[in-house]
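Remarks on the structure that follows.
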């Protein structure tokens, strides 16, 4: 697309010499202008029947989690069929350059030759290495040579060797998980060579050195359940990359953090269909001019652009509260106000599964006639 959103060209699908994913996922353009994609589709069940759930091409409604592996003995009971186990590299006009991994061949989070539903890549110009957030099926970051695909190194949460033990559902009151949950959704390297990793369902960002040494972590909206709060990361375009932009698809917001301290400063967006609102904000990027682009998954199905207007000091006191969902009332998944109770300063909020009464006299709610 051009800068006005007009279609310029398109390519993709099955071709000679490579395996196109069932559901391409996580597009990245490297410093040479080449295009990388991952994939998170389930593919075909034995006998040719297509899978019926997941986040790939066979996926269904918002909030479903994929069943994504071949052998449940490797994963603590998570079951599935054939899957996207590779990343692909192309020129901008679609000429195939490199494939890492083969469909359905993953042996788990310590298999160095195959991936398992890789979510996103980042290509490091300094070392000519590709970092893979791996992913919807594995529990790791893995690094390859960006030209040859030769394996370099990999690690899990806190820099430990990853495993595929099923951790069960996320519990915000439990001690921090010692491994990544699925999906490991992004891995982004900064100018000062720190790698920021999205541990999506664990509601956290972990920071590493390029060799996998753990540096620090922060939790974002830690009470978020469901699909989690840490979906994708982009950085401001000043040389210091002072600000970190975090896409939070469960709560339908973009959070702005101080990158060094990881303090959350402010938030924009809310759940909805109108411009500047989000429905499952999934990916985020900044262009060379500092503009922010977001994509929306599930039934959001759009790209939005937020125009850069300059950088200025942002402090915690500038953080504005918001009406919907977790930020105001501690409950993710609230989609709309159902009614205002007659004679009471209370709102009834909910979605298809919940109904919550909230007091609107709290200091961060403004009532207008």
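The values are calculated or read from the model by the stated rules, or taken from the named source; none is laboratory data. Just so it is clear, the structure is predicted and the values come from calculations on it, not from any experiment. For neighbour counting, all protein chains shown are included, and Cβ atoms are generated from backbone atoms with ideal geometry for every residue, glycine included.
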Regarding region 176-185, can at least one residue be identified that is without any contact (Cβ under 8 Å) to a residue 24 or more places away in the chain and surrounded by fewer than 19 Cβ atoms within 10 Å (Cβ to Cβ)? yes
Given the condition over 21 Å from residue 305 (Cα atoms), in a strand (DSSP E or B) and in contact (Cβ under 8 Å) with a residue 60 or more places away in the chain, answer yes or no: does some residue in region 248-265 qualify? no
Of the residues 108, 94, which is in contact with a helix residue (DSSP H, G or I) (Cβ under 6 Å, 6 or more places away or on another chain), in a loop (DSSP other than H, G, I, E, B), surrounded by fewer than 24 Cβ atoms within 10 Å (Cβ to Cβ) and on the phi > 0 side of the Ramachandran plot? 108
Taking the condition of being part of a loop (DSSP other than H, G, I, E, B) and under 19 Å from residue 118 (Cβ atoms), how many residues in region 18-36 meet it? 7
Out of region 266-292, which residues are within 13 Å of residue 235 (Cβ to Cβ) and part of a strand (DSSP E or B)? 284, 285, 286, 292
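Okay, residues lined up against (1) buried (at least 23 other Cβ atoms within 10 Å of the Cβ); (2) at pLDDT below 95; (3) in a loop (DSSP other than H, G, I, E, B); (4) over 16 Å from the mean Cα position of the chain (by Cα):
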{"residue": "60", "(1), (2), (3), (4)": "no, yes, yes, yes"}
{"residue": "82", "(1), (2), (3), (4)": "no, yes, yes, yes"}
{"residue": "103", "(1), (2), (3), (4)": "no, yes, yes, yes"}
{"residue": "138", "(1), (2), (3), (4)": "yes, no, yes, no"}
{"residue": "147", "(1), (2), (3), (4)": "no, no, yes, yes"}
Residue list for region 223-246, filter: touching a strand residue (DSSP E or B) at 6+ places or on another chain (Cβ under 6 Å) and outside any strand (DSSP E or B): 229, 230, 231, 236, 237, 241
Test each condition in (1) closer than 24 Å to residue 235 by Cβ; (2) in contact with a helix residue (DSSP H, G or I) (Cβ under 9 Å, 6 or more places away or on another chain) for residue 154 and report the one that comes out false. (2)
Does residue 217 satisfy the condition of being on the phi < 0 side of the Ramachandran plot and either surrounded by 17 or more Cβ atoms within 10 Å (Cβ to Cβ) or not in a loop (DSSP other than H, G, I, E, B) (or both)? yes
Only one of 23, 53 that is modelled with pLDDT under 50 and within 15 Å of residue 137 (Cα to Cα): 53
Looking only at region 203-214, and only at residues there that are in a loop (DSSP other than H, G, I, E, B) and in contact with a helix residue (DSSP H, G or I) (Cβ under 8 Å, 6 or more places away or on another chain), the one that is surrounded by the most Cβ atoms within 10 Å (Cβ to Cβ): 212
What are the residues in region 186-201 that are in contact (Cβ under 8 Å) with a residue 40 or more places away in the chain and surrounded by 18 or more Cβ atoms within 10 Å (Cβ to Cβ), if any? 186, 187, 188, 189, 195, 196, 197, 198, 199
Based on this model, can you work out whether residue 207 counts as within 16 Å of residue 134 (Cβ to Cβ) and modelled with pLDDT of 95 or more? no
Quick test of your reading of the structure: residue 269 fulfils all but one of (1) at pLDDT below 95; (2) out of contact with any strand residue (DSSP E or B) (no Cβ under 6 Å at 6 or more places or on another chain); (3) buried (at least 16 other Cβ atoms within 10 Å of the Cβ). Name the failing condition by number. (2)
All conditions in (1) farther than 20 Å from residue 87 by Cβ; (2) surrounded by fewer than 24 Cβ atoms within 10 Å (Cβ to Cβ) are true of residue 229 except (2)
